[in-house]
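The values are calculated or read from the model by the stated rules, or taken from the named source; none is laboratory data. As the structure is a prediction and not an experimental result, all values here were calculated from the model. Here the Cβ positions follow ideal geometry from the backbone for every residue, glycine too, while neighbour counts run over all protein chains shown. In case anyone asks, the SASA skips ligands and DNA or RNA and just uses the protein heavy atoms, side chains included. Shrake-Rupley method; radii C 1.70, N 1.55, O 1.52, S 1.80 Å.
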Amino acid sequence: MMRRKKHFSWGTRIASGAIAMLAGLLCMTAAWAMRVSPMVSELTTSGAGSAARIEVGNVGSSALPFETRITRMDIDADGKIVETPADDDFLVFPPQGLVPVNGRQVVRVQWIGDPSIDVSRAYYLWVRQLPVATDAKAPEGGGAVSVQVLYTMKALIVVAPPGAEPKVEVVSVTPAMVTPPAPEIDPSLTGGQAAPPPPAEPGVEIVVANSGKRYALMSGATWVLEGTDKSGQPFRREYNSDEVSKTVGVGYLAPGGARRTFKVPTGVELDPAKPVSLRFAR
């Protein structure tokens with residue numbers, strides 16, 4: 001194992017490009033009767049940039065009543081998302097609405113939290129469709145049941161102090177057997193049981209840290225991994241942003257010293273007694 005602390009300039013261009021992929025994760029189907037746009041908003045802590053306009057659209061066949069709420073989004077070292085109520089950090093107007101068929105409603109989200117925060121924070125704006133009254137009358141002699149599908153969508157809101165930038169470093173790269181992410185399968189197709197995890201394969205465990213004041217998205221750059229395999233041959237592999245996102249997701253890395261551990265397959269076993277390094281390239 002080799003510990004290598006390497007700084008990389010995670011510019012806004014890279015972060016913005018990768019964050020679009022995170023928005024895609026907030027909506028997993030194209031059959032929504034509700035649309036929310038934009039799916040990602042970046043706010044400042046003061047001034048004109050401290051508010052966002054988010055549009056709720058109705059592409060269904062009936063009026064769409066909805067309500068909103070705000071949660072703060074944090075990710076632990078293993079990538080688990082933890083949400084906590086945070087409605088007090090924002091003024092949302094209107095907090096509820098009724099969108100007619102083919103209509104739109106603009107929701108204004110204003111930051112009213114601490115204007116002196118020193119690191120960026122991530123939040124979700126939840127837009128939840130409310131149930132509406134349905135015709136309870138069933139045809140004579142029939143036992144028809146009306147089933148109403150309700151939709152919930154989440155838009156990501158990131159609040160950052162002026163001039164905040166990420167500062168990412170590689171803390172360690174360790175050869176290990178790793179388990180790739182399990183494919184997402186509807187539990188209803190497997191009798192309610194979660195899909196079994198894929199078998200472990202050769203790879204590396206990578207620990208990264210962000211000591212900057214702004215979040216970083218690790219899938220926004222090419223990863224270049226170098227080492228020596230078990231047969232003594234030099235190993236080098238580049239993972240482009242698409243490959244990284246398939247393996248680790250967008251790799252959201254919070255600021256202020258937060259750490260994440262990523263498990264990346266290599267296809268061959270690397271020699272743990274030889275140096276292993278990772279660097280990021282545009």
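I'm checking my understanding of the structure. Among residues of region 37-85 that are assigned to a strand (DSSP E or B) and among the basic types (Lys, Arg), which one is most open to solvent (accessible area, probe 1.4 Å)? In this case the residue turns out to be Arg53. Out of the residues in region 203-234 that are part of a strand (DSSP E or B), open to solvent by 20 Å² or more (accessible area, probe 1.4 Å) and not polar (S, T, N, Q), state the one that is nearest to Gly251 (Cα to Cα). The extreme case among them is Val207. For region 128-137, the count of residues that are over 20 Å from Val56 (Cα atoms), open to solvent by less than 70 Å² (accessible area, probe 1.4 Å) and at pLDDT below 95 is zero.
Cβ-Cβ distances below 6 Å connect the following pairs, each with a first residue in region 197-223 that is within 16 Å of Leu278 (Cβ to Cβ), a second residue that is assigned to a helix (DSSP H, G or I) and of a type in the set (Ser, Thr, Tyr), and a separation of six or more residues or different chains: Ser219/Ser241; Ser219/Ser245. For region 63-120, a residue qualifies if it is of a type outside the set (D, E, K, R) and free of Cβ contacts under 8 Å to residues at least 12 places away in the same chain, and the qualifying residues are Ile81, Val82.
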